[in-house]
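Each remark here refers to the structure printed beneath this line.
The values are calculated or read from the model by the stated rules, or taken from the named source; none is laboratory data. From a predicted model like this one, the values you see are computed outputs, not experimental measurements. Cβ: placed from backbone, ideal geometry, glycine included. Neighbour counts: every protein chain shown. Note: accessible area is taken over every heavy atom of the protein model, side chains too, but ligands, DNA and RNA are not part of it. Shrake-Rupley method; radii C 1.70, N 1.55, O 1.52, S 1.80 Å.
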Amino acid sequence: MEAVKAPRGTRDILGDESWKWAYVTGVCRDVADDYGYKEVHLPIFEHTELFCRGVGDTTDIVEKEMYTFTDKGGRSVTLRPELTASMVRSYIENEMSKGPQPAKLWGIGPMFRYERPQKGRYRQFVQLDIEALGAQDALVDLEVIDFSMELYRRLGLRNLQVVLNSVGCPKCRPVYRRVLQDFLSPRFDELCDTCKSRFDRNPLRILDCKSPICKEITEDAPAVTDCLCDECREHYERLNRGLEKIGASVVHDKRLVRGLDYYTKTAYEIQSGDLGAQNAVCGGGRYDNLAEAIGGPHVPGVGFASGIERVVLTMEAQGCSFGEKPESKVYVVAAEPSARLDAMALLRELRMNRISADMDYMGRSMKGQMKAAGAAAEYACIIGTSEIEKGVVTVKNLKEGAQEELTAEQLINKLK
Ligand code: HAM
């Protein structure tokens, strides 16, 4: 019988990688603190309806990618494909409108999408998600974009590009939809099958189709930003003035429409040339009608989410630092089997003094233990009959080879 394997599109993050994740998460937490965002922990599954109504029925996520099942109580639940809809649900449910506005929230955790796995794209992946809820001001959009840029600056990422667009609002988007449909209709028959089916339901998505023929057809399509209503245009201009003020270099891309239906006004991504086809390190934007779509009051909001796998991949490709790899400082070596209990006692004392330490549990010879020490630690602390008699340990610096006898107290003082 073949041993059971992990499902396709999932990954085990093991010890030689997880310390990098801890580093990245720590930097996320620092930036969130500096920008005044509070961490929240939300459920990994929600009522399916939250995503159907929030993310949108015509999106790839809802149509094809959700892990949806009926629970034992007969309710349809879904493993969250993203966090924004849950954040808005939580804002409404916990009456955050009664607190300081905007409510600034962040969270990190696994998301689930039944997508075709490839480099940087998984069926279970981890997102850092930032949301500012309750404010209209374009300066909040600016703060969110600035947050993402600052995060990547602190992580040492280079060659990133902020790509920006506005997707309008329910007032001006229908105007643009018609303009776009009029532009596309003479060549409707040449569109790929997916885009044909999008023509009536969601024509804006045709703009980001990757098929060469659709790309060619939409090359000279009118831009959403040419059809914005006064309010959306002013918002976009204010955001752009802000980005200029903070010295952010931004490219405008009329094709950037994002794959989620809830966006209004601002849509943006930060893309990396080191990621291949899945080049978005993060994506986000404004979603002023999402709260109403899920049955709540009007709550404007803006945020972004970043896939941690893609951040780590880009950092590795660019040789960025992940800080210091945590390693044991000390390996305690029992010179004879009879000294193992004393070795264990010393090990415990070191650990109680916050000195990371380890020892052998496989009954290895002295030589085998020294080899293990060389691979795992900076110092070997050898303890045998003569050391026990003298009340000392032999401390060997494994890099320099120098050796000295110290009492446990001296050892702890030296290493702390
Ligand atoms: P999204 O563009 O679907 O937006 O995902 C955001 C980021 O999550 C992507 O840029 C990418 O880094 C990562 N990501 C998405 N799918 C995968 C996958 N299958 N494997 C690995 N990484 C992935 C959202 O999810 C929105 N909720 C973002 C947002 C927050 N908008 C406003 N607030």
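Points worth noting:
- Farthest toward the positive end of the dipole of the chain, out of 243, 222, 350, is the Cα of 350, where the dipole comes from beta carbon charges about the Cα centre.
- Measuring between their Cα centroids, region 331-346 and region 224-291 lie 61 Å from each other.
- Rh (Kirkwood; distinct C-alpha pairs) - the chain, Å: 24.8 Å
- Pairs from 171/245; 325/416; 210/254; 64/215; 20/210; 104/254 whose Cα-Cα separation, in the structure shown, is over 21 Å: 171/245; 64/215; 20/210; 104/254
- Selection among 69, 102, 166 by position relative to the dipole of region 66-166 gives 69 as farthest towards the positive end (Cβ unit charges, Cα centre).
- In this calculation the C-beta distance from residue 29 to residue 364 is compared with R0 = 45 Å, giving a FRET efficiency of 0.70.
- Dipole moment magnitude, nearest 20 debye, the chain about Cα centre, only Lys, Arg, Asp, Glu C-beta charged: 500 debye
- Descending principal axes extents, region 349-416, alpha-carbon based, whole Å: 27, 26, 25
- The equivalent ellipsoid of region 48-160 has semi-axes of 27, 22, 12 Å, largest first, where each one is the square root of 5 times an eigenvalue of the Cα gyration tensor.
- A simple charge model with +1 on the Cβ of Lys and Arg, -1 on the Cβ of Asp and Glu and nothing else charged puts the dipole of region 113-160 at about 640 debye relative to its Cα centre.
- Three-way shape call for region 95-177 based on the alpha-carbon gyration tensor, with the a/c threshold at 1.5: rounded
- Degrees separating the helix 340-352 axis from the principal Cα axis of the chain, which is the longest one: 50 degrees
- Length released on extending from residue 101 to residue 213, taking residue separation times 0.36 nm less the Cα-Cα span: 35.7 nm
- Projecting the Cα atoms of 368, 411, 385 onto the dipole axis of region 328-415, where Lys and Arg carry +1 and Asp and Glu carry -1 at the beta carbon, places 368 farthest toward the positive end.
- Partner aspartates and glutamates for residue 329 [C-alpha distance under 18 Å; skip if fewer than 8 residues away on the same chain]: 16, 349, 358, 360, 378, 400, 404, 405, 409
- Semi-axes of the equivalent ellipsoid for region 204-323, computed as √(5λ) from the eigenvalues of its C-alpha gyration tensor and ordered from largest down, come to 26, 20, 17 Å.
- Relative contact order %, region 328-415, counting alpha carbon pairs below 8 Å whose residues are six or more apart: 32 percent
- For residue 126, nonlocal amide neighbours, meaning residues 5 or more places apart or on other chains whose placed amide H falls under 5 Å from its own, are 111, 308, 309.
- Sequence of 106, 19 when ordered by accessible area, the most exposed leading, probe 1.4 angstrom: 19, 106
- Interchain or long-range residues, amide H under 5 Å from residue 299's placed H: 291, 292
- Calculated from backbone phi, Karplus (6.51, -1.76, 1.60) coupling profile of region 268-279 in Hz, x at Gly/Pro: 8, 9, 10, 10, 10, x, 9, 10, x, 5, 8, 8
- In sequence order, calculated HN-Hα J values of region 214-223 (Karplus, 6.51, -1.76, 1.60; Hz; x Gly/Pro): 5, 4, 5, 5, 8, 2, 9, 4, x, 8
- Residues in region 269-308 reached by a label modelled at residue 159 [backbone nitrogen below 17 Å; 7 Å Cα→Cβ]: 270-282
- The GluC sites (Glu not before Pro) of region 202-246 meeting both criteria, a DSSP state outside H, G, I, E and B (loop) and at most 11 other C-beta atoms within 10 angstrom of the site's C-beta, are 219.
- The Cα-based radius of gyration and maximum Cα-Cα distance (Dmax) for region 135-275 are 16.1, 49 Å.
- When only the Cβ of Lys, Arg, Asp and Glu is charged (+1, +1, -1, -1), the dipole of region 328-415 relative to its Cα centre reaches about 320 debye.
- Rolling a 1.4 Å probe over the heavy atoms of the protein chains gives the chain an accessible area of 49 Å² per residue.
- With the gyration tensor restricted to C-alpha atoms of region 16-97, the semi-axes of the equivalent ellipsoid amount to 28, 18, 13 Å, longest first.
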